[in-house]
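This is the structure, below, for whatever I ask next.
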Amino acid sequence: MAIFTMEEVRKTFTNGEVHEEVLKGINLSLREGEITALVGASGSGKSTLLTIAAGLQPASDGRVRFEGKNMTTMSSEQVRKIRASKFGFVFQFAHLVPFLTIEEQLLLMLEVSDSKTKKFEQKSEITNLLKLVGMEHRRHAYPSSLSGGEKQRVAIARAIIHKPKVLFADEPTASLDSKRSKEVLSLIRDLTKTLNITTLMVTHDEEMLTYADHIIKMSDGQIV
């Protein structure tokens, strides 16, 4: 059964008297433990679809369901709580807090996500996750001392430390070279399978397609 669905989702932006329909009746289902890649030209609606799916902006019409519940009828506070506790986010740039160590970045995420991990268990959780992403030896390092690939590994760890159900990734390898891109994509694939996460990823990276379970091509606001 799908953990996440979009049903006839539409999005229209209005600028004065001009109305632009960016998404035109999107239907999409995502299953646990699978990676779905969204591909298409710039302006095709990929990032708009992802931000609506993630509850970062509302749809103009249609339904977004997570674990059977209709997010489009929820209050903004209800959506915020789902976003904080059930969703994880990775973007093109890591956006790490410059004055916090890697360990402190993860502790902060546990706090803001209202994680149920008990305080005395948090350090152990962080150790285990940093081992999974290959960064345990840098736990006390600051972002300024990390390479681009290392920063993205930390960003991924931060995105999943609170055990989200869905991981949203928007061009996570766009700022990396080919070698680092492959490392990050392999990591996302391995974590998706190991932790049974549902991953939705926007990408222009052709290399990504070999790591995805499903590939969805978009054009002019529609799935083709």
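Take the range 44-88 and flag every residue that is in a strand (DSSP E or B) and either under 15 Å from PHE168 (Cβ atoms) or small (Gly, Ala, Ser) (or both).
Correct list: GLY62, VAL64, PHE66, PHE87, GLY88.
Here's a follow-up. Please count how many residues of the range 89-114 are without any contact (Cβ under 8 Å) to a residue 24 or more places away in the chain and either in contact with a strand residue (DSSP E or B) (Cβ under 9 Å, 6 or more places away or on another chain) or loosely packed, with under 14 Cβ neighbours inside 10 Å (or both).
1
Yes/no matrix, rows are residues, columns are (1) closer than 25 Å to VAL202 by Cα; (2) more than 21 Å from the chain's Cα centre (by Cα):
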position: ILE35; (1), (2): yes, no
position: LEU38; (1), (2): yes, no
position: GLY45; (1), (2): yes, no
position: LEU56; (1), (2): yes, no
position: THR72; (1), (2): yes, no
position: GLN92; (1), (2): yes, no
position: ASP114; (1), (2): no, no
position: LYS118; (1), (2): no, yes
position: SER124; (1), (2): no, yes
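In the range 17-43, how many residues are in a strand (DSSP E or B) and not hydrophobic (A, V, I, L, M, F, W, C)?
8
Does at least one position in the range 204-218 carry a residue that is without any contact (Cβ under 8 Å) to a residue 24 or more places away in the chain, of a type in the set (Asp, Glu) and over 17 Å from PHE93 (Cα atoms)? Let's see the steps before the verdict.
Of the residues in the range 204-218, the ones without any contact (Cβ under 8 Å) to a residue 24 or more places away in the chain are 206, 210.
Still in the running and of a type in the set (Asp, Glu): 206.
Imposing the further condition that a residue be over 17 Å from PHE93 (Cα atoms) reduces the set to 206.
Checked the range 204-218: at least one residue is without any contact (Cβ under 8 Å) to a residue 24 or more places away in the chain, of a type in the set (Asp, Glu) and over 17 Å from PHE93 (Cα atoms).
Which one is farthest from PHE87 (Cα to Cα) among residues in the range 1-34 that are modelled with pLDDT under 90 and polar (S, T, N, Q)?
ASN15
Over 18 Å from VAL166 (Cβ atoms) and in a loop (DSSP other than H, G, I, E, B): is that true of ALA2 in this structure? Step through it out loud before you land on a result.
Working: over 18 Å from VAL166 (Cβ atoms): no; in a loop (DSSP other than H, G, I, E, B): yes.
Here the answer is no, as ALA2 does not meet what is asked.
Then there is this: When the range 62-83 is examined, which residues are found to be touching a residue at least 40 places away in the same chain (Cβ under 8 Å) and either touching a strand residue (DSSP E or B) at 6+ places or on another chain (Cβ under 6 Å) or surrounded by 14 or more Cβ atoms within 10 Å (Cβ to Cβ) (or both)?
Result: GLY62, ARG63, VAL64, ARG65, PHE66.
Something else about it: Here is a list of conditions, (1) farther than 22 Å from MET218 by Cα; (2) outside any loop (DSSP other than H, G, I, E, B); (3) among the hydroxyl-bearing types (Ser, Thr, Tyr), and SER115 meets all of them except one; can you say which number that is?
(2)
Anything in the range 1-33 that is of a type in the set (Val, Ile, Thr) and either in contact with a Ser or Thr (Cβ under 8 Å, 6 or more places away or on another chain) or under 19 Å from THR73 (Cα atoms) (or both)? List them, or say none.
Once the filter is applied, which keeps residues that are of a type in the set (Val, Ile, Thr) and either in contact with a Ser or Thr (Cβ under 8 Å, 6 or more places away or on another chain) or under 19 Å from THR73 (Cα atoms) (or both), the range 1-33 yields ILE3, THR5, VAL9, THR12, VAL22, ILE26.
The values are calculated or read from the model by the stated rules, or taken from the named source; none is laboratory data. All of these numbers come straight from a predicted model, not from anything done at the bench. Cβ coordinates were reconstructed from backbone atoms using ideal geometry, including for glycine residues, and neighbour counts include every protein chain displayed.
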